[in-house]
Amino acid sequence: MQIDARPFAYDFDVAHTALVIIDMQRDFIEPGGFGETLGNDVSLLAAIVPACQAALGAWRRAGGMVVHTREAHKPDLSDCPPAKRLRGNPSLRIGDVGPMGRILVAGEPGNQIIPALSPVAGETVIDKPGKGMFYGTTLHAQFQQAGITHLIFMGVTTEVCVQTSMREANDRGYDCLLLEDCTESYFPHFKAAAVEMLRAQGAIVGWTATSAQLITTLK
Ligand code: TIU
């Protein structure tokens, strides 16, 4: 299959491609979670949910591998470096109790994927302690075992966990495509810059396209 992506065509086949949904968890999308404790207006991010649902639905119908990540720490915070917990001046720190449970801790209500994009049986869910999806996880081995060479990305936030994960993946040899309308930042100009820099210099990190382009290609 081929998508007329930017900066040039992206070739893939569903059997060797995974759809990766980065951190579409309540912590970032809903008030009272990690995103808001950092001082952000979280309402900006909810706007991408319908496009994410449409792309996910088409990908499921096509039978491709689906991976959901969550930025999550163990309850004892043994996988949270003090530098991460102590950085800045948030209203609540990682591990503190907020309105959706302990901030960014696995198993808490705020750490769950939003209901609109809930994982279904057979999909892979990865808890990651870092911004990138390979740091501290078994994901690379899982992809290798499944014969995955291509990754299609969506999720939040564009310039933090999505961009970090895409760069980690690119360095591991995956061909990466970002669905532009299925990713968002608390800072629209950061999203715009991230999208530009990822595909610059002849797809130095990867390709970009829209969810409509993917859905049309899969039909
Ligand atoms: N703060 C911010 O923009 N993002 C994160 O902390 N994590 C993710 O991007 N998932």
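The numbers here are math on the coordinates, done by the rules we state, and not lab data. Keep in mind that what you see is a predicted model, and the values were worked out from it rather than measured. Cβ coordinates were reconstructed from backbone atoms using ideal geometry, including for glycine residues, and neighbour counts include every protein chain displayed.
Under conditions of 4 °C and 1.567 mPa s, the range 153-211 yields 118 µm² s⁻¹ as its translational diffusion coefficient, taking Rh as the Kirkwood radius over Cα pairs in the Stokes-Einstein equation. The lysine pair count for the chain, using Cα distances under 28 Å and pairs eight or more places apart or on different chains, is 8.
When only DSSP loop residues count, what trypsin sites (Lys or Arg not before Pro) in the range 25-103 have their Cβ near at most 16 other Cβ atoms within 10 Å? Hits after loop and neighbour filter: Arg87. For the peptides 46-52, 14-20, residues were scored by their other Cβ atoms within 10 Å and the scores averaged per peptide; the highest-first order is 14-20, 46-52. Taking the chain as a Gaussian network of alpha-carbon nodes connected by springs under 10 Å, the highest mean-square fluctuation of the residues Leu177, Leu45, Leu86 belongs to Leu86. Over all Cα pairs of the range 48-160, how is the pair count split among 5 Å bins, expressed in % and running from 0 up to the last occupied bin? Percent of Cα pairs in each bin: 2, 10, 18, 22, 20, 14, 9, 4, 1.
When the chymotrypsin sites (Phe, Trp or Tyr not before Pro) in the range 114-210 are filtered for DSSP coil states and for at most 16 other beta-carbon atoms within 10 Å of their beta-carbon, the remaining sites are Tyr135.
Its alpha carbons considered, the range 104-219 gives a radius of gyration followed by a Dmax of 14.5, 42 Å.
Taking label positions 7 Å along the Cα-Cβ direction at both Ala212 and Thr138, the computed distance is 4.2 nm, reported to one decimal. Counting 0.36 nm for each residue step from Gln201 to Ala9 and taking away their Cα separation leaves a gain of 67.7 nm. Helices in the chain, meaning DSSP H runs of at least 4 residues, each add -39500 (n - 2.57). Divided by all residues, the mean residue ellipticity at 222 nm is -8500 deg cm²/dmol. From the Kirkwood radius over Cα pairs of the chain, Stokes-Einstein at 25 °C and 0.890 mPa s returns a whole-number translational diffusion coefficient of 141 µm²/s. Between Arg85 and Ala193, the simple label model (points 7 Å from Cα in the Cβ direction) yields a spacing of 3.1 nm.
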